[in-house]
Amino acid sequence: MAEISIVDIIRSKRDGETLTAEQCDTLAARVTDHSVSDAQVGAFLMAAYCRGMSVSESAALTRAMAASGWQADWGSFDLDGPTVDKHSTGGLGDIISFLLAPMLAACGAYVPMISGRSLEHTGGTVDKLESIPGYNPFPEPARFQQVVAREGLALVGQTAQMVPADQRLYSVRDQTATVSSLPLIAASILSKKVAEGLQALVIDLKVGSGAFMRSPSDGEPLRDMLKGVAEACGLNCSVLFTDMDQPLACCVGDGLEMREALAYLRGDRRTDRLHRVNLQLGTELLMACGISTSADEARERLQRALESGAAAERFQRMVVALDGPTDLLDSPDRHLELGPVQRPVPAQHAGRVNGVDGRLLGHAVHDAARLPGQHRFDHRVGFAELVELGQDVVQGEPLAVVHGRDEPETEQLVDCVTRAVTLSTENS
Ligand code: URA
């Protein structure tokens, strides 16, 4: 059979045609072996962004991307529980993966989580994991599986072996303003989940000013795309909408978010919104995989996993199994460095917080933390102690504490918080 040309694939998509499964296979294979240039990858992505893709086309791309590398087979591991995962469509201050994965493991599930780096203004699980000194988010597939089988969870990133097509497409999407395409989001998320070999998946579809989908009506087509593609790929998948009108945790920045996750697991601080979303996703998943038969029982089980310290212990064991420090949970200060310049941002006047511009905050941290010429970040940079929507503040009270690398950068971040947080003046 004649070889399918990459230029023909780009032309077909540019002209709004539906790609065949063979074309998707060729595309994923050639993205993976680098026999197509970044220019061609970018042209394809822009064509897909502008022309769209049907559910069956996105499913064909998903399967092709999943098959671009190693795919998990849990048959020989004799696991005594289901393989499950959660994935978010992209948010800010979203630390749920670090909380829910160990809680699920403590409830008897196995969580083989393959995640990505930051996309546009949203945070990346892999970047946050890299704030842990020594932690290896890129193990060989065999080691990844062993850690999951032994500890109940492993949180890692795409590699040249695991979903390599997504690794490259993900990075080019981030550079070509093509992130928020529904079929590309679906193929990116679900290719990783197909490769994980799951029995149940819950997708946290973020909707709001800080998300790719700004309103619930924007979110519905993505939900339908995700559910349709998952079904076509044989994945048992539910999709929940959660609010992203403000960061989920009260901080933004890799190291600060990791500290917040550890504080949550240890029981030092569990903010209401974060806890609610975490339990909602966990409840859905424990019922979908058959560990729990009712929502009440699922919630109790998850809560017990936290209160007993079992979830914290699971997280610590996973960190050690992937070369991180043995005392991360007990001594986060020893391992997670803070920004050298810290500055509270005082409220200019008293009032009630009526807006937190997540995009502005996310882009500011992304730009300030990015290391020159690299897709890597200074994990110390960010905002902590961020106020919440509806909170009353008095004049001079901190709206957040900025963690910067130097004086000029810190000043810029202070200015960004002042612009991002708006206060109503009624009753002030
Ligand atoms: N998470 C992913 O893995 N891919 C996306 O495109 C968005 C969120």
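The packing ranking of peptides 232-242, 386-396, 80-90, highest mean first, is 80-90, 232-242, 386-396, where packing means the average number of other beta carbon atoms within 10 angstrom of each residue. Cross-link check: pairs 206/227; 192/227; 13/86; 128/227 evaluated at a Cα-Cα cut-off of 25 Å; pairs beyond the cut-off: 13/86; 128/227. Each listed q (0.10, 0.15, 0.20 Å⁻¹) maps to a log10 I(q)/I(0) for the range 81-219, found by the Debye formula over equal Cα scatterers with no solvent: -0.31, -0.72, -1.29. The smallest convex shape that holds all Cα atoms of the range 47-131, its convex hull, gives 148 Å³ per residue.
Across the chain, Cα-Cα pairs farther apart than 33 Å form 33% of the total.
The distance from the alpha carbon centre of the range 127-191 to that of the range 43-94 is 10 Å, rounded to a whole number.
Seen from every direction in turn and averaged, the convex hull around the alpha carbons of the range 211-293 projects onto 7.1 nm².
If R0 is taken as 30 Å, the Cβ-Cβ distance between residue 350 and residue 269 corresponds to a FRET efficiency of 0.75. Relative to the longest principal axis of the Cα atoms of the chain, the long axis of helix 407-420 makes an angle of roughly 90 degrees. Compared with the alpha-carbon gap, the fully stretched path from residue 214 to residue 34 is longer by 61.4 nm at 0.36 nm per residue.
Each label point was placed 7 Å from the Cα along the Cα-to-Cβ direction; for residue 418 and residue 293 their separation is 6.1 nm. Across the range 337-423, Cα-Cα distances exceeding 16 Å account for 49% of all pairs.
On the beta carbon distance between residue 160 and residue 303, with R0 = 56 Å, the FRET formula returns roughly 0.90. Mind pulling the angle between the C-alpha long axis of helix 21-32 and the longest principal axis of the chain? Nearest 10 degrees, somewhere in 0 to 90. The helix 21-32 is inclined about 60 degrees to the chain. Translational diffusion coefficient of the range 6-66 (Stokes-Einstein, Kirkwood radius from Cα pairs, 10 °C, 1.306 mPa s): 141 µm²/s. Only aspartates and glutamates eight or more places from residue 193 in sequence, or on another chain, were considered; those with a Cα closer than 15 Å are 73, 85, 166, 204, 231. How tilted is helix 55-66 with respect to the longest principal axis of the chain? Cα atoms for both, answer in degrees (0 to 90, nearest 10). Approximately 90 degrees, to the nearest 10. The slack in the chain from residue 371 to residue 333, taken as 0.36 nm per residue of separation less the alpha-carbon distance, amounts to 11.4 nm.
Can you check what the net charge comes to around residue 32, using other residues whose Cβ is under 13 Å from the Cβ of residue 32 (Lys, Arg +1; Asp, Glu -1)? Local net charge: -1. In this structure the amide hydrogen of residue 370, modeled in the peptide plane, comes within under 5 Å of the amide hydrogens of 378, none closer than 5 places in sequence on its chain.
Every read-out reported here was derived from the displayed coordinates using simple, explicitly stated rules and does not represent laboratory data. None of the values given here were measured: they were computed from a predicted structure. Counting neighbours? That spans all protein chains shown, and the Cβs are built from the backbone with ideal geometry, glycine included.
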